[in-house]
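Report on one structure; see the data block that follows.
Values in this text are rule-based calculations from the coordinates and carry no lab data. Values in this document were obtained by computation on a predicted structure and should not be read as measured data. Note: ideal-geometry Cβ built from the backbone for every residue, glycine included; neighbour counts use all protein chains shown.
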Amino acid sequence: MHLFINEKQFEFWKLRRARIPNITIATNFGISRQAVSKALLTMDGKIETTLREMAKANKIAIMKLNPQLGVLLGRSIPLSVDAIIFVSGSHGVQVWYEHDGNCGACEEYAQCIQLLWDYAKEIDIKLNRTADPTKMAEELFAKLKEMV
């Protein structure tokens, strides 16, 4: 799901999540720091609304939500497992459930690996090299939970 991809506000949000200061964003786009701050507040609201709507649609009870990082931590009510909803700049909004996958037999193997590497890079999390997407996800989301 690519909800905000073409919005300039989303570009500002991704840069802030990458730890670029507002003044640098403003300078790079030729606008005021106040305009960047206002755009970021608007985008935080959109991100929060989207995360909450995805949680509701997927019957996930919210435990923690951080719109600045674009992350919602929760628990799937019907599946009784932890879940995470996150916003990726290149992959849109994603919902992941804690599970032990049979990754070697899955058709989505390559896509999962790519998504996890891309997302880790977006939020500047270093991952250990592994060919198992389940292990990658466990490592990534454990580190992400510490950030939220």
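Observations, loosely collected:
- Relative exposure of Val36, Val148, Val87, Val93, judged by other C-beta atoms within 10 Å (fewest first): Val148, Val93, Val36, Val87
- Spherically averaged projected area in nm², based on the convex hull that wraps the Cα atoms of the chain: 9.0 nm²
- Amide H contacts for Leu65 (H built 1.01 Å from N in the peptide plane; partners 5 or more residues away or on another chain; cut-off under 5 Å): Leu73.
- ³J(HN,Hα), Karplus 6.51/-1.76/1.60, whole Hz, each residue of the stretch 112-125, x for Gly, Pro: 5, 4, 4, 4, 5, 5, 4, 5, 4, 5, 4, 9, 6, 10
- Other residues with beta-carbon under 14 Å from the beta-carbon of Asp100 carry, at +1 per Lys or Arg and -1 per Asp or Glu, a net charge of -3.
- Inter-label distance, Ser90 to Phe29: 2.2 nm, where each label sits 7 Å from its Cα along the C-beta direction.
- Amide H partners (placed H, <5 Å) of Ile20, local residues excluded: none
- Prolate/oblate/rounded label for the stretch 66-148 (Cα gyration tensor, a/c 1.5): oblate
- The Cβ shell under 9 Å around Asn128 holds other residues with a net charge of +2, Lys and Arg each +1, Asp and Glu each -1.
- Here the Karplus curve 6.51 cos²θ - 1.76 cosθ + 1.60, taken at θ = phi - 60°, turns the phi angles of the stretch 134-148 into couplings of 4, 5, 4, 4, 4, 5, 4, 6, 5, 5, 5, 4, 5, 6, 7 Hz, with x standing for Gly and Pro.
- Relative to the longest principal axis of the Cα atoms of the chain, helix 33-57 runs at roughly 30 degrees.
- Within straight-line cross-link reach of Lys56, aspartates and glutamates at Cα separation under 19 Å, skipping those fewer than 8 residues along the same chain: Asp44, Glu48, Asp82, Glu98
- Net +/- balance of residues flanking Ser76 in space, Cβ distance below 10 Å, scoring K and R +1, D and E -1: 0
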